[in-house]
Amino acid sequence: MQIQDPMTLTPEQIARYERDGYLIVHDVLSDDEVDAFVAYEQEPKPEGWLDNLRHHVDDPHWARLARHPNVVSIAQQLLDGATPQIVQTMYMERQPAGDAEVGDKGIALHQDLHYLPTEPDTLMACWIALNDTDAGNAGLCVVPGSHKDGLYEARKNEDDQEHDAWEVEHLMRDRDGNEWTQRFFSFDIEGLDPEDIERLTVPKGAGVFFSGYTIHGSYANRSKDRVRRAFATHYVAEGSWVVRADVQDLVPAV
Ligand SMILES: O=C(O)CCC(=O)C(=O)O
C-alpha cells in the first residue's frame, strides 16, 4: 500500500539496520507532535490505562503515532516492502529519582520475540523518544548484532534496583484455532557481557527501529529530575501470525 510523503532510508541506513539490528532515525515526529501526545497523556486517565496494549485501535492520539507516515514508511522499508500491521502500542514513562537513590526501574534485557512469538518471525519495533533520553535517564539499551543469533535463553530476572520482576499467563492461539495458555515472565537474558550493551542517546522525536531478535531493555532512571518518556509500536509484516491471543487482531498501519 502507498504511503503519502514517505521518509526514505538511504542504502547505508538499511545496511546499518541489517548489520546492527537497530537504526536510529532522527525527527520521525516533530516537536509539536510529541508535545501534543505528551500533553494528552498528562490528562487524567482511568486506572490501568497503560496496561492496555491496544489503544491504537480506538484512541486517535495513539493511532496517530502508531500509524505515523514517517514511522510506517521506515518500518515498511525494513520489512522488505511488506505492509506493516500493528500488534501493540505502549507508552512508557520512567520517573526520575528526585531525593531517592533511584527512580522508576527499567525493563530487563530481552528480545521481543520472547514476549510476542510470531510466525514467521517478522516482528519489529519502533521506539520513539518523547524527550531527550540517554544513559542517565533510563534511555534505551541495545546489544548491536544480537539479532543474528536467534532466540537466546532467558530466565526470570531477579527483582533488584534496576528491574521489576513479574509473571503473567496469556491465552495463545495458532493458525488452526488450537488454544493453550503460556506463562510469561520478565525475561532476562543471561550471561551478557556488559561491554556489549550499548546505552543509546536518542533525542526527542527520534525513533529507534529494531528487530524482534535484537536484545534491548533499559535500566532504572537515576537522574534527579529528568523523566524519560517513550512510545513504542510493535509491527509484523502482513500475513504474519501473532500467537498471543490478546494482541492477535492486527491493525493495518496504512
Ligand atoms: O523503554 C524501555 O524501557 C524498554 C522498551 C522495550 O522493551 C520495548 O519497547 O520493547
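Bear in mind that the values in this text are calculations on the coordinates, not laboratory data. In this text, all values refer to a predicted model and were calculated from it rather than measured experimentally. Cβ placement follows ideal geometry from the backbone for every residue including glycine, while neighbour counts extend to all protein chains displayed.
Can T122 be described as under 29 Å from V254 (Cβ atoms), more than 11 Å from the ligand (Cβ to nearest atom) and either in contact with a helix residue (DSSP H, G or I) (Cβ under 6 Å, 6 or more places away or on another chain) or in contact (Cβ under 8 Å) with a residue 40 or more places away in the chain (or both)? It is true that T122 is under 29 Å from V254 (Cβ atoms), more than 11 Å from the ligand (Cβ to nearest atom) and either in contact with a helix residue (DSSP H, G or I) (Cβ under 6 Å, 6 or more places away or on another chain) or in contact (Cβ under 8 Å) with a residue 40 or more places away in the chain (or both). What's the total number of residues in segment 79-101 that are within 16 Å of the ligand (Cβ to nearest atom) and in contact with an Asp or Glu (Cβ under 8 Å, 6 or more places away or on another chain)? Going through segment 79-101 one residue at a time, the tally reaches 6. Given the condition in a strand (DSSP E or B) and within 16 Å of the ligand (Cβ to nearest atom), answer yes or no: does some residue in segment 246-253 qualify? Within segment 246-253, none of the residues are in a strand (DSSP E or B) and within 16 Å of the ligand (Cβ to nearest atom). Among the candidates R67, R54, R19, the residue that is in contact (Cβ under 8 Å) with a residue 40 or more places away in the chain and surrounded by 17 or more Cβ atoms within 10 Å (Cβ to Cβ) is uniquely R67.
Scanning segment 218-234 for residues that are near the ligand (Cβ under 9 Å from one of its atoms) and of a type in the set (A, V, I, L, M) yields a count of 2.
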